[in-house]
Structures are given as structure tokens and as C-alpha cells.
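Here's the structure we're looking at; comments come further down.
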Amino acid sequence: MRTFLDVLNLLKKYDIYIHVGNRLWDIELAAIEIDNMYKAGLLEAKEYAQIKLVLRHEHEDEERRQAL
């Protein structure tokens with residue numbers, strides 16, 4: 001798991017499709033869905049941690065882009 005697209009593809013495997021129309025909101029919604037998947041036992045701790053790092057990085061990058 002290295003990119004936001006990888007995270008979206010993982011979510012698609014579970015029939016979770018995200019497109020709110022704002023990239024920042026898409027990232028935030030993906031984070032919520034990943035949290036729910038982890039709580040449901042669908043993700044291992046190591047995979048969950050890696051995904052959360054990717055989402056945090058993408059979120060920070062998008063906030064910087066929107067601030068410009």
C-alpha cells in the first residue's frame with residue numbers, strides 16, 4: 001500500500017466506492033471506511049498502520065495544494 005489509488009482499489013474489493021467530488025473529503029471518507037474495516041477485523045494491524053500513513057500523507061499534501 002503506497003498510494004491513495006492503492007487504498008481506493010482495496011476498498012473496491014469490498015464494494016466500497018468513494019467519490020464525493022472533493023479530493024480532501026474523499027481521503028477523509030476513505031480513512032473512516034478503513035477504520036471501520038479494521039474494527040470489523042478485515043485488516044491486520046500492520047496493513048492498517050501502513051494505510052493510515054498513506055492517507056495522512058495524502059491528506060497533508062492535499063491541504064497544501066488547496067492552500068496555494
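The values are calculated or read from the model by the stated rules, or taken from the named source; none is laboratory data. All values reported here derive from a predicted model rather than from experimental measurement. Here the Cβ positions follow ideal geometry from the backbone for every residue, glycine too, while neighbour counts run over all protein chains shown.
Among (1) modelled with pLDDT of 95 or more; (2) more than 10 Å from the chain's Cα centre (by Cα), where does GLY21 come up short?
Here GLY21 clears every test but (1).
Looking at the stretch 46-59, is at least one residue among the small types (Gly, Ala, Ser) and at pLDDT 95 or above?
Yes, some residue in the stretch 46-59 is among the small types (Gly, Ala, Ser) and at pLDDT 95 or above.
Quick one: in the stretch 17-68, of everything that is touching a residue at least 24 places away in the same chain (Cβ under 8 Å) and polar (S, T, N, Q), which residue is farthest from MET1 (Cα to Cα)?
Ranking the candidates gives GLN66 first.
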